[in-house]
Amino acid sequence: MAKTVLVINSGSSSIKYQLVDLETGEGLASGLVEKIGEPIDGHYKHEYNGEKHELEEPIHDHEQGLKRVLGFFEEYGPKLSDAGIVAVGHRVVQGGSLFPKPALVTDKTINQVKDLAVLAPLHNGPEAKGAEVMRSLLPDVPQIFVFDSSFFFQLPKAASTYALNKEIADQYHIRRYGAHGTSHEFISSVVPEVVGKPAEGLKQIVLHIGNGASASAEVSGKPVETSMGLTPLEGLVMGGRTGDIDPAVVFHLIRNAHMNVDELDALFNKRSGMTGMTGFGDLREVHRLVAEGNEDAKLALDVYVHRIVSYIGNYTYQMGGCDVITFTAGVGENDDIVRKMVCDKLAPFGVKLDEEKNATRSKEPRIISTPDSSVVIAVIPTNEELAIARKSAAIAEAGEDTYGNKFAK
């Protein structure tokens, strides 16, 4: 019988899920629950065996949504009882200093994840709620928390520490935690095989570029830098986030625009980035505007690329060189224009892009630089679900996590 893990990504008003086959790494079934708790009808989508099943109805809470999801598996397949499910893996954005490794879902860890919502208010609460509900619905299946921040908990102190008053930083747990860690860890682990080089000593930069975007640097598979910080706001320009910005902009807007904390939060996280500069967070729309001669869109794209190249330069010198740069996530995997713009900026340093390979659309890992390029440029699709599934299965098989929590049926 196959072994599978159901991966859950629970948001404030949505739930994404995928049933992952551990042997093949493929997603057997997947789906989406949207508009939870909203006054309008919610939307379900369940995909399996090439068929898509959809339903619209009011979705009052996560419990109702997840009960319906389990019903879809029973009605449309594959039946979880026949699919060899060994665990349910829950993605959690912020594990803080408490969770450098995945953890079994228990009463204690649920409360700890809820408490860490102070560091990720939009994410941790709903993620804890999703795990709480699934634990009650599938009590005989181990439930595992897998934290996005765990990979970057290994950052050197010089990279994770802010130059903030030490007492304040310690009291309020302020440090650079990073985000997208599951994706960065997955990509950096498969790069050696893709490029045909040993992992030991390999210096690589991973560019996870989607609506949210982050860069990281790894040496021998261990992270030495990442662009996101205490929250996912720091770093690269994103769909709706500013990325790096002078903190004094906050003081300026409080004093002169009389904006409050909630208004500033929304401005920096949702109404800025590409959306704030062009009206669109989707890069495809930005490219359309550029083609039409829109100067704001052209400037926004230049700012976007400028920030990426700045991080590549920074990380290259931090590592004392760079062997591989990998593009991944929605924009990184599909936007040949952005990849070309970045690589053109790196051309004076010997980076050579194979134009034909770069322009070819593919879902397969591939190298898009020429053989004589000073740095290998790769495009590798990320697979956070598979990474979460593997980590969850390992704990389920062991029956306990590294914190001493044990699973008892």
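The values are calculated or read from the model by the stated rules, or taken from the named source; none is laboratory data. Because the structure is predicted, anything quoted here is derived from the model rather than measured. Glycine also receives a Cβ, built like all others from the backbone with ideal geometry; neighbour counts cover every protein chain displayed. For accessibility, only protein heavy atoms count, side chains too; no ligands or nucleic acids. Shrake-Rupley method; radii C 1.70, N 1.55, O 1.52, S 1.80 Å.
Just one of Gly77, Gly50, Gly84 is of a type outside the set (Ser, Thr, Tyr), at positive phi and open to solvent by 50 Å² or more (accessible area, probe 1.4 Å); which is it?
Gly50
Condition test on Met259, is it in a loop (DSSP other than H, G, I, E, B), free of Cβ contacts under 8 Å to residues at least 12 places away in the same chain and in contact with a helix residue (DSSP H, G or I) (Cβ under 6 Å, 6 or more places away or on another chain)?
yes
Taking the condition open to solvent by less than 10 Å² (accessible area, probe 1.4 Å) and either in the same structural domain as Leu137 (by the TED database) or free of Cβ contacts under 8 Å to residues at least 24 places away in the same chain (or both), does Gly71 pass?
Taking the combined requirement at face value, the residue does not satisfy it.
Does the stretch 100-119 contain at least one residue that is at pLDDT below 95, touching a Ser or Thr at 6+ places or on another chain (Cβ under 8 Å), open to solvent by 10 Å² or more (accessible area, probe 1.4 Å) and within 22 Å of Leu236 (Cβ to Cβ)?
Yes, the stretch 100-119 has at least one match.
Could you please give the count of residues in the stretch 214-246 that are assigned to a loop (DSSP other than H, G, I, E, B), open to solvent by 30 Å² or more (accessible area, probe 1.4 Å) and among the β-branched types (Val, Ile, Thr)?
Number satisfying all stated conditions: 2.
Suppose we filter Val303, Val338 for residues that are open to solvent by less than 20 Å² (accessible area, probe 1.4 Å) and over 30 Å from Glu23 (Cβ atoms); which single one remains?
Every option except Val338 fails the conditions.
In this structure, does Ile395 turn out to be surrounded by 22 or more Cβ atoms within 10 Å (Cβ to Cβ) and not assigned by the TED database to the domain that holds Tyr304?
In short, yes.
Filter the stretch 160-190 for residues that are farther than 18 Å from Gly95 by Cβ and touching a His at 6+ places or on another chain (Cβ under 9 Å) and give the result.
Ile187
Mind checking which residues of the stretch 189-205 are in contact (Cβ under 8 Å) with a residue 40 or more places away in the chain and polar (S, T, N, Q)?
Hit for the stretch 189-205 is Gln204, nothing else.
Restricting to the stretch 272-287, and then to whatever is of a type in the set (D, E, K, R) and surrounded by 14 or more Cβ atoms within 10 Å (Cβ to Cβ), can you tell me which residue is modelled with the highest pLDDT?
My answer is Glu285.
Out of (1) within 19 Å of Phe327 (Cβ to Cβ); (2) surrounded by 14 or more Cβ atoms within 10 Å (Cβ to Cβ), the odd one out for Val250 is which?
(1)
Under the condition of being open to solvent by 70 Å² or more (accessible area, probe 1.4 Å) and assigned to a loop (DSSP other than H, G, I, E, B), which residue from the stretch 361-392 is farthest from Gly27 (Cα to Cα)?
Across the stretch 361-392, the extreme among qualifying residues is Asp372.
Return the pair list, or none, for Cβ contacts closer than 8 Å from residues in the stretch 312-326 that are in a loop (DSSP other than H, G, I, E, B) and modelled with pLDDT of 95 or more to residues that are of a type in the set (S, T, N, Q) and open to solvent by less than 10 Å² (accessible area, probe 1.4 Å), at least 6 apart or on different chains.
Within 8 Å, the pairs are Cys322/Gln204; Asp323/Gln204.
Six or more apart or on different chains, Cβ atoms under 8 Å: show the pairs whose first residue is in the stretch 397-409 and in a loop (DSSP other than H, G, I, E, B) and whose second is open to solvent by 100 Å² or more (accessible area, probe 1.4 Å) and of a type outside the set (S, T, N, Q).
The qualifying pairs are Gly399/Lys406; Asp401/Lys101; Thr402/Lys101; Tyr403/Lys101; Asn405/Lys108.
Quick check on my filter: what residues within the stretch 174-203 are of a type outside the set (Asp, Glu), part of a loop (DSSP other than H, G, I, E, B) and at negative phi?
Ile174, Arg175, Arg176, Tyr177, Ala179, Lys197, Pro198, Ala199, Leu202
Yes/no per residue for (1) assigned by the TED database to the domain that holds Ser150; (2) in contact with an Asp or Glu (Cβ under 8 Å, 6 or more places away or on another chain); (3) under 30 Å from Ser160 (Cβ atoms); (4) in contact (Cβ under 8 Å) with a residue 60 or more places away in the chain:
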| position | (1), (2), (3), (4) |
| --- | --- |
| Asp41 | yes, yes, no, no |
| Gly50 | yes, no, no, no |
| Lys67 | yes, no, no, yes |
| Leu98 | yes, no, yes, no |
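So for the stretch 230-237 (the condition being more than 23 Å from Ser97 (Cβ to Cβ), touching a residue at least 12 places away in the same chain (Cβ under 8 Å) and assigned by the TED database to the domain that holds Thr316), does at least one residue qualify?
The answer is yes; a qualifying residue exists.
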